[in-house]
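The values are calculated or read from the model by the stated rules, or taken from the named source; none is laboratory data. Computed from a prediction, not measured in an experiment: that's the story for all the values here. Neighbour counts run over all protein chains shown; Cβ positions are idealised from the backbone, glycine included.
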Amino acid sequence: MASATPASTSSSFVSLHHFHTPILLKLDEEKFLLWKQQVLATLDGLMLSHFLDGSCIPKSSSTSKDGTITKTPAYLLYKQHDNLLVAWLLASMTTPLLMQMVGLHSVAQIWTTLHTYFSSHTRSQIKKLNLNLKQPKKD
């Protein structure tokens, strides 16, 4: 995966340090597109949308000359920011959807799971509507 540059990491820190934007719309079965628009607008505005796809995860550890393996500062900062964004997203969901997020630990995992869930949910709704249109209506 691509590694984050110090400049992008520090700009994320500034953005998250002043990040107080709640998602006012609670995500439920019916409001995914509205909720998604609000999330994307906020993350794009703060230049944090790269957390959604996990495209900027920095190198997690480094080995010193004496063989000691340590977590890199960039990775620790990334994990801190990712965890804050996870909490922010989870706080905007209703309980039934929260139950489906159990065991997910990153924003990218949550984002992918939501897209998979709602795309399959939409396909089943389309099939149901098509079936209803094909059947003659009875009085």
- Check off (1) in contact with a strand residue (DSSP E or B) (Cβ under 9 Å, 6 or more places away or on another chain); (2) buried (at least 16 other Cβ atoms within 10 Å of the Cβ); (3) touching a residue at least 60 places away in the same chain (Cβ under 8 Å); (4) not β-branched (Val, Ile, Thr) for residue 75 and give me the number that stays unchecked. (3)
- Query: Could you say which residue among 52, 77, 27 is touching a helix residue (DSSP H, G or I) at 6+ places or on another chain (Cβ under 6 Å) and more than 17 Å from residue 115 (Cβ to Cβ)?
  - Reply: 77
- Query: Does residue 21 meet the test of being at negative phi, modelled with pLDDT of 60 or more, part of a loop (DSSP other than H, G, I, E, B) and of a type in the set (Val, Ile, Thr)?
  - Reply: yes
